[in-house]
Ligand code: HEM
C-alpha cells in the first residue's frame, strides 16, 4: 500500500510479512520485485522479468515443485504468515481452488518420484567416473560412490532404467540374495547381477570393480 511501511509477499496464495527482511525486499533491495504480488513461479525459475513473475505453477517440473516447497517452508519458518490472497489458489472465503488442488497433486507426485529415485539410488548406486587425456575414461565402484554409503562395493554395469532414455552407470551388488528375493526362498548368491536391466561394459572383466569406457 502506498505510504504504508508494510512489506508483504505471497507464495502459492499465502501472504507473509517480510518487513524484517527489508534489506532484501525493501525498495532498492535485490528482491523487491517479490513484494506486493505472488510470483511463486519465479522462486524456482529465476526468471525475474515481468513475464516470469507469475503465480502460474501449472507447468513446473517435479524438481521445481519440490524447490518451491522448500521456499514455502523457508517463509513459514522465518516470516510471519498473515493470510491468504483470494485469487488463483484461494477463493474469497479462503477455500482452496482447483489450481491449489492441482498443485497439491503435483507435489504429491513429485515427492513420490523423489522417494522412488532415492530407493533406486540406494539399490543401484551411481559409479564414480573420471576421464584422463592419456588413458581415456573409466567408471568404478567404491563404498561411497554416488554418495551412497554402504557396506558393499559392487561392480559397474550399464543400467537401462525402465522409462528413461539414457543408461547410467550403476554399482551392482554381486554377492548375497537379489534385492527382490522373497525372504526364505532359494536364491542365487549373485546379488543383483542377473537383473535384466543391467548390461556389462565391453572390455571389462565381469567381476572387476573398475571398467574402462569407450570414447565416443
Ligand atoms: C532462482 C534464483 C534465486 C531466487 C529465487 C533467490 C531468492 C532469494 C530471496 C527471496 C532471498 C531473501 C531471503 C530472505 O528472506 O532472507 C535471497 C537472498 C540472497 N540471495 Fe538469492 N535467489 C536466487 C539466486 C541467487 C543467486 C544466483 C545468488 C548469488 C549469485 C544469490 C544470492 C543471494 C544472497 C547473497 C542473499 C542474501 C543472503 C542473506 O543475507 O542471508 N541468490 N535470495
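Bear in mind that the values in this text are calculations on the coordinates, not laboratory data. Just so we're clear, the structure is a prediction, and the values are computed from it rather than from any experiment. Note: ideal-geometry Cβ built from the backbone for every residue, glycine included; neighbour counts use all protein chains shown.
Brief remarks on what is shown
- Cα-based Rg / Dmax (Å) for the chain: 24.5, 77
- In this label model, residue 49 and residue 93 are separated by 4.2 nm, measuring between points 7 Å along each Cα→Cβ vector.
- Three-way shape label, the stretch 124-213, alpha-carbon gyration tensor, a/c 1.5: prolate
- Mean Cβ count within 10 Å, highest first, over the residues of peptides 34-46, 51-63: 34-46, 51-63
- Top of 189, 165, 128 by mean-square fluctuation, Gaussian network on the chain, Cα under 10 Å: 165
- Folded to 0 to 90 degrees: helix 98-123 orientation relative to the chain principal axis, Cα: 30 degrees
- Normalised by the number of residues in the stretch 8-117, the mean separation of alpha-carbon contacts (under 8 Å, six or more apart) gives a relative contact order of 28 percent.
- Net length available on complete extension from residue 104 to residue 130 is 5.3 nm, with 0.36 nm assigned per residue and the Cα-Cα distance removed.
- Put in order of Cβ neighbour count within 10 Å, fewest first, the listed residues 171, 211, 204 become 204, 211, 171.
- Computed FRET value (nearest 0.05) for residue 69 with residue 144, which takes r as the C-beta separation and R₀ as 45 Å: 0.95
- Highest-first arrangement of 10-17, 174-181, 65-72, where packing means the average Cβ count within 10 Å: 10-17, 65-72, 174-181
- Relative contact order computed over the chain (Cα-Cα under 8 Å; 6+ residues apart), in percent: 13 percent
- Calculated FRET value between residue 181 and residue 120, using beta carbons and R₀ = 22 Å, to 0.05: 0.80
- Spherically averaged projected area of the stretch 56-182 from its Cα convex hull (nm²): 13.0 nm²
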